[in-house]
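Novice: There's a structure below that I have some questions on.
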Amino acid sequence: MTFRGKQTRLIAPLAAVMTAGFLNSCNAPTSNETPSEHGDLKASSAETEAYAEGLYQDLCATCHDGTVTEAPTRQAIEMLPSRTLLAAMTTGVMAPQSTIMSSFDKEILATYLGAAADDAERRTRDMPACKGELTFTEPPRWNRWGGDPQNTRFRTQGQTGINASNVAQLKLKWAFGFPNAVRARSQPTATKQAIFVGSQDGTVYALDTETGCVWWEFYAEAEVRVAPSIKTDIEGLPQTLIFSDFNANVYAISAQTGAEVWRTSVRDHLVTTLTGSPTVFEDRVYVPMSSTEVVSAFNPDYECCTFRGGIAALDANTGERLWTFNTVEEPKPTRLNSAGTQMYGPSGAPVWSVPTIDEKRRLLYFGTGENYTAPANELSDAIIALRLSDGKLVWSNQTIAGDTWNGACGSTNTNCPEERGPDFDFGAPPILTTLPNGKDIILAGQKSGMVFGMDPDDGGKTLWSARAGMGGYNGGIHWGMSSNGETLFVGIADTPGHHMTVGPPRHGVHAFDAETGEPLWSTIEEKLCEGRETRCFPSASSPLTATDDLIFAGSLDATMRIYSSKTGALIWSFDTLTEFNTINGVPASGGSIDSAGTILIDNKFIVNSGYDKFRLQPGNALLVFEVPDQTGEAP
C-alpha cells in the first residue's frame, strides 16, 4: 500500500511524527562525530540552537520543509516532545535511517525540535479522574472497528437516537485533548458507561461517556492507532479490551480497571507493524499484519524486500498464537538493484485493515495490498477467505494482477520494481451483508476507485463492479464503506498525484445498489479552503458510518458532514478546525479527519479529529456530539 496507508498507515508513527520516515531517503550525508569533536558541551544556548538548526537543515529540511509532500511538516514535528523524537531516532522506526547521526546529535536535535512541546507538557493539567469504580450494566454499544463482525458500520433506528428529524439539534457536548499528539487516529469503541480510545503517545483511555472524566489509563509501548475490540463475558458484559500498537504488540487488558491481562508480540519481521484493528470473535483474536518496509525501500542500500503480509490468530484468553497465514511465500534472491544491492521477492501484500467474520460459513475475509517487489503473486490486491479454525486458504479474488510498488518509486527509484504498479491496495475491509432477496454478498472497495460485489458461495466470484472514484495513492476508497444490505455507501478520497487515475476527482459520498452495483446518487464536494497552508481536500477519506436515514462522513478538510442516506443531500456540517476547551485541560484543536470513523451511541456521535500526514491538518481532539434533551436509549 502506499502513501496513504503506507504512509498513512504505514509511515505513520515513527514513534511519533518522524515515524513518517523520510530522513533516510532525503538526508544529506553528515559526519559521525563524537560529542568531544563538537567541543565544550556547555556552549551558549544560542550556539547550541544554531548547531541544532544546522543538523535540521542538513538532515531533515529536504523532506520536511516541503520537497516531499508525504513527509510531516516541521510544524507537526515540533508538536511532539523531545523524548518521542529521540525514541523515533534511537529505537523506533527511524532508527535505521538515523545511524549516520551520533547519539549526541540525536539528543541535540530532539531537544531542539521538541522544546515547545516539552514546555507545554510540563504545564499540562492532571487528567480529571472519575469517582468510584467503572461498572458495566449491558453489552457494548459500539464494538470493534466496524460496529459488528461483518464490518457494516451501519446502525438501525432502534440503535441510535440521532435521525433526520433531530440532526439539526446536534451540539458539541465535550472535547478531550490527547497530550503529546499531532494526530487522533484511533477510532473509539464504546459502552453506555465508557469510551475506549488509544492515542499517538501509546496511552489508552477509558473515558466516561457522559462527562469525559478518566476512569483509567493504560500505557502501551508505542502508538495505538487501532479501534479496540471488547471481549465480553458469558453474560455479554464487557470483560477485556484487546488492541495492538505500532510496534506489533497485541494487548489484552481489563475493561473495568485497565490492568494488563496478557501481551503478545506478532513481530515476524524487523519492520512488522499493526495498522488494521484486531477483531475478536468467540475466543480468538485475528490480527492483520502490515509493515513499514515500503519506507525502508527508499534506501538504495537496503535489501528490498522480505516482509510477508498476513493474519495471525491468537487465543483471546492467553495471547498464545494459534496459526499464521502469510500472503506471500518466503522471499528469495532475485536481482541486484542499480546500486548493486541484492533484491528479494515476492514480498509485501500487507493487510492494512480489520478482518471480517462470516459466522455462517466459518470464514475470515480480508483485503491485501500490493507486492513490494517482483515477482508479483496472486494474493496481492485481493480479497481472501480463510478458514477460521486453522487459517487455511479457501479462496481468493485478485482484482489487479502484477501490482508491485514500494516507496522508492516516488523518489530514488533504485529499489522501485520495473513493473512500477499502481499501488491500488484494498485498504478498506470487505463488508459482509445480506441483500433484500436473502442472499449474502461481500462488498469491497479499492484504492483504484472501484467497488465490487462478490459471491461468498461461489469462491468469491465477482458479481458486479463499478467505478466510484478516479483512484489514487490515498484513495479511491481509502479507509472504509458502509452498507445496510440494500445500499452501499462509499466515501471517495481522490487526492491528486497518481499516474494511473481514471476520470476526474469525485471527492464526496456515493450510493450504489448493493445487489447490482447500479449507481443511485453522488454528492461531490468542492474545495473550499484555498487559503490554508496545509493541503486541503474535501475528500471523504475516513470510513463512513450510516443509519436508516443518515450518513456520517469526516473529511480531509477538517469538516464533519452528515448527509441524507436517501438522496445524498448535505443536512449538517461542523468545522473541526478550531481550538477546543477540553474536559481535561489539554490544549487541543481539530484537523483533517482521516483514518478514524464516526461511532454512534444513544443520542451521541463520537469522532476523532486531526491527521498530520501528507501535509494535512494536524490535530489532537476527541469530539462528542449530542442531540440535547433526548434519551436516544437503544432497546
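No value in this document is a laboratory result; all are computed from the given coordinates. Note that the structure is a prediction, hence the values are computed from the model and not measured. Note that we place each Cβ from the backbone using ideal geometry, even for glycine, and neighbour counts take in every protein chain shown.
Novice: Under 1.5 on a/c is rounded, so check that first for the stretch 310-465, then, if it is not, pick prolate when a/b is larger than b/c and oblate when it is not; a ≥ b ≥ c are the square roots of the alpha carbon gyration tensor eigenvalues. Please report the intermediate quantities before stating the final value.
Specialist: Values: a/c = 2.63, a/b = 1.55, b/c = 1.69.
Oblate.
Novice: So which trypsin sites (Lys or Arg not before Pro) in the stretch 342-439 are both in a DSSP loop and have at most 16 other Cβ atoms within 10 Å of their Cβ? Before the final figure, lay out each step's value.
Specialist: Working: sites: K360, R361, R362, R387, K392, R420, K439; in loops: K360, R361, R362, K392, R420, K439.
Here the sparse-neighbourhood loop sites are K360, R361, R362, K392, R420, K439.
Novice: Now, a different point. Rounded, prolate or oblate: which fits the stretch 429-542 when a ≥ b ≥ c are the square roots of the eigenvalues of the alpha-carbon gyration tensor, with rounded for a/c under 1.5 and prolate only if a/b beats b/c? Don't jump to the answer; show the numbers that get you there.
Specialist: Working: a/c = 2.61, a/b = 2.05, b/c = 1.27.
Since a/c reaches 1.5 and a/b is larger than b/c, the shape of the stretch 429-542 is classed as prolate.
Novice: Please compute the contact order of the chain in relative form: average sequence separation of alpha-carbon pairs under 8 Å and at least six residues apart, divided by the residue count, as a percent.
Specialist: 14
Novice: Same structure again: When a/c reaches 1.5 or more, the comparison of a/b and b/c decides; with that in mind, is the stretch 473-609 rounded, prolate or oblate per its Cα gyration tensor?
Specialist: Numbers: a/c = 2.09, a/b = 1.23, b/c = 1.70.
Oblate.
Novice: For F281, what residues show an amide H to amide H distance below 5 Å, using hydrogens built from the backbone and excluding near sequence neighbours?
Specialist: Residues meeting the amide H criterion: Y286.
Novice: Can you spot the lysines whose alpha carbon is less than 18 Å from K447's alpha carbon? Ignore those fewer than 8 places along the same chain.
Specialist: By straight Cα distance, K447 reaches K6, K613.
Novice: In what order do V394, V266, V295 fall by count of nearby beta-carbon atoms within 10 Å, going from fewest to most?
Specialist: Numbers: V394 16, V266 22, V295 30.
Lowest count first: V394, V266, V295.
Novice: Considering the options L109, Q200, M94, tell which one lies farthest towards the positive end of the dipole of the chain, charges being +1 on Lys and Arg and -1 on Asp and Glu at the Cβ, about the Cα centre.
Specialist: Result: Q200.
Novice: Still on this structure: What dipole magnitude, in Debye to the nearest 20, does the stretch 429-542 give about its Cα centre under +1 on Lys/Arg Cβ and -1 on Asp/Glu Cβ?
Specialist: Details: 8 positive and 13 negative charges, 83 e Å.
Around 400 debye, computed over the stretch 429-542.
Novice: A further question on this structure: With the dipole of the stretch 429-542 worked out from charges on the C-beta (+1 for Lys and Arg, -1 for Asp and Glu) around the Cα centre, which of P519, G459, W479 lies farthest toward the positive end?
Specialist: Farthest towards the positive end: W479.
Novice: So which chymotrypsin sites (Phe, Trp or Tyr not before Pro) in the stretch 144-223 pass both tests, a DSSP loop state and at most 11 other Cβ atoms within 10 Å of the Cβ? Display every interim value, and only then the final one.
Specialist: On the way: sites: W145, F154, W174, F176, F196, Y205, W215, W216, F218, Y219; in loops: W145.
Of the chymotrypsin sites (Phe, Trp or Tyr not before Pro), not one in the loops of the stretch 144-223 has a Cβ with at most 11 other Cβ atoms within 10 Å.
Novice: Just to be sure I understand, if you calculate log10 I(q)/I(0) by the Debye sum over Cα atoms at q = 0.06, 0.09 Å⁻¹ for this structure, which of (i) -0.28, -0.66; (ii) -0.50, -0.98; (iii) -0.34, -0.79 do you get?
Specialist: Read-out from the structure maps to (i).
Novice: Mind sorting L393, L109 by how few other Cβ atoms lie within 10 Å of their own Cβ, fewest first?
Specialist: On the way: L393 12, L109 25.
Ranked by crowding around the Cβ, least crowded first: L393, L109.
Novice: Among H269, H510, H478, which comes first, then next, by fewest other beta-carbon atoms within 10 Å? Walk me through the intermediate numbers first.
Specialist: On the way: H269 17, H510 25, H478 32.
In increasing order of surrounding Cβ atoms, one gets H269, H510, H478.
Novice: Also: Grab the DSSP H runs of the chain that are 4 residues or longer, score each as -39,500 (n - 2.57), total them, divide by all residues and round the 222 nm result to the nearest 500 deg cm²/dmol. Walk me through the numbers on the way to the answer.
Specialist: Values: 7 runs with 55 residues, N = 635.
Here the helix-only value at 222 nm equals -2500 deg cm²/dmol.
Novice: Looking at F298, I311, F178, which one has the Cα that reaches farthest to the positive end of the dipole of the chain (charges on Cβ: Lys, Arg +1; Asp, Glu -1)?
Specialist: It is I311.
Novice: Next question. Output wanted: per-residue J couplings in Hz (rounded whole) for the stretch 410-417, from phi through Karplus 6.51 cos²θ - 1.76 cosθ + 1.60, θ = phi - 60°, x for Gly and Pro.
Specialist: x, 8, 6, 6, 4, 9, 6, x
Novice: Can you give the local net charge around H510? Use residues other than it whose beta-carbon is closer than 12 angstrom to its beta-carbon, Lys and Arg +1, Asp and Glu -1. Can you show the working numbers first?
Specialist: On the way: positive: R467, R506; negative: D494, D513, E518, E525.
That works out to -2.
Novice: State to the nearest 20 debye the size of the charge dipole of the chain about its Cα centre, where the only charges are +1 on K and R beta carbons and -1 on D and E beta carbons. Please list the in-between numbers first.
Specialist: Working: 48 positive and 74 negative charges, 138 e Å.
Dipole of the chain, to the nearest 20 debye: 660 debye.
Novice: Could you name the aspartates and glutamates in cross-link range of K461, using Cα to Cα under 13 Å and dropping any fewer than eight places away on the same chain?
Specialist: D440
Novice: Which GluC sites (Glu not before Pro) in the stretch 197-265 pass both tests, a DSSP loop state and at most 11 other beta-carbon atoms within 10 Å? Before the final figure, lay out the partial values.
Specialist: Numbers: sites: E210, E217, E221, E223, E235, E260; in loops: E210, E221, E223, E235.
Taking the stretch 197-265 and a limit of 11 other Cβ atoms within 10 Å, the loop GluC sites (Glu not before Pro) found are E235.
Novice: Show which aspartates and glutamates lie in cross-link reach of K439 when reach means a straight Cα distance below 19 angstrom and same-chain residues fewer than eight apart are skipped.
Specialist: The qualifying aspartates and glutamates are D148, D358, E359, D455, D457, D458, E486, D513, E515, E518.
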